Amino acid sequence: MTTKLRASVHYNDWEGTAAADGTEFNALTAYLKSKSLLLPGELLVGVTLRSHLIQGNHPSVTIKALVAESRDYDVFAGQAADGAHRNIHTREMGVSTDFLLSLFKQFNFALTLNGLDLEEQDIIEN
């Protein structure tokens, strides 16, 4: 099965964007290598987080690494810019949300009601 890298849920009542700053020591890549989730000749190119409520209103969270068959970021980025087909696979990380967030210096995501394009809107901070 294949999917596209776009956040989507059943109804998409809310949509948005996300951004993060990695740690100085690239902790996410190091963690994946230590768990044999990133093998020689592979490059970490992304991460996904999916949450859904299960019985009893407890969230179930699935975190996956997006791994490409490439040794070099610049080569991969050049291929991506040229529209070349790339083999990207997911690897379930089996970590908590808190652990994932600890691998970043900063993490921010913003959601708006579907259909409201507020990305360029000035927001008054209180």
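The values are calculated or read from the model by the stated rules, or taken from the named source; none is laboratory data. Note that this is a predicted model, so its numbers are computed, not measured. Please note: Cβ atoms are built from the backbone with ideal geometry, for glycine as well, and neighbour counts cover all protein chains shown. Quick note on the areas: whole protein, heavy atoms, side chains included, nothing else; ligands and nucleic acids left out. Shrake-Rupley method; radii C 1.70, N 1.55, O 1.52, S 1.80 Å.
Can you list the residues, at least 5 places off or on another chain, whose amide H is less than 5 Å from the amide H of residue 45, using H built in the peptide plane?
66, 67, 68
Which of the following values of Rg/Rh (Cα atoms, Kirkwood Rh) was calculated from the structure shown: (1) 0.99; (2) 1.40; (3) 1.92?
Answer by label: (1).
How large is the accessible surface of residue 74 in square angstrom, using a 1.4 angstrom probe and rounding to the nearest 10?
Ignoring ligands and nucleic acids, residue 74 comes out at about 110 Å².
Which longest run of the chain has no exposed loop site in it, a site being chymotrypsin sites (Phe, Trp or Tyr not before Pro) in a DSSP loop with at most 13 other beta carbons within 10 Å, and the site itself not part of the run?
The longest uninterrupted stretch comes out as 26-126.
Which GluC sites (Glu not before Pro) in the stretch 37-126 sit in a loop by DSSP (not H, G, I, E or B) and have at most 10 other Cβ atoms within 10 Å of their own Cβ?
The qualifying sites are 119, 120, 125.
Taking the full set of protein chains and a 1.4 angstrom probe, give the accessible area of residue 52 in square angstrom, rounded to the nearest 10.
Around 90 Å² of this residue is reachable by solvent.
When only DSSP loop residues count, what trypsin sites (Lys or Arg not before Pro) in the stretch 37-126 have their Cβ near at most 13 other Cβ atoms within 10 Å?
Sparse-neighbourhood loop trypsin sites (Lys or Arg not before Pro): 71, 86.
Dipole of the stretch 17-119, Cα-centred, from +1 at each Lys and Arg C-beta and -1 at each Asp and Glu C-beta, to the nearest 20 debye?
For the stretch 17-119, the charge dipole is close to 400 debye.
If the reach is capped at under 16 angstrom between alpha carbons, list the lysines near residue 33, excluding any in the same chain fewer than eight residues apart.
Within the straight-line cut-off, residue 33 pairs with 64.
For the chain, with a Gaussian network of springs between Cα atoms less than 10 Å apart, report the residue from 44, 28, 113 with the top mean-square fluctuation.
Maximum among the listed residues: 113.
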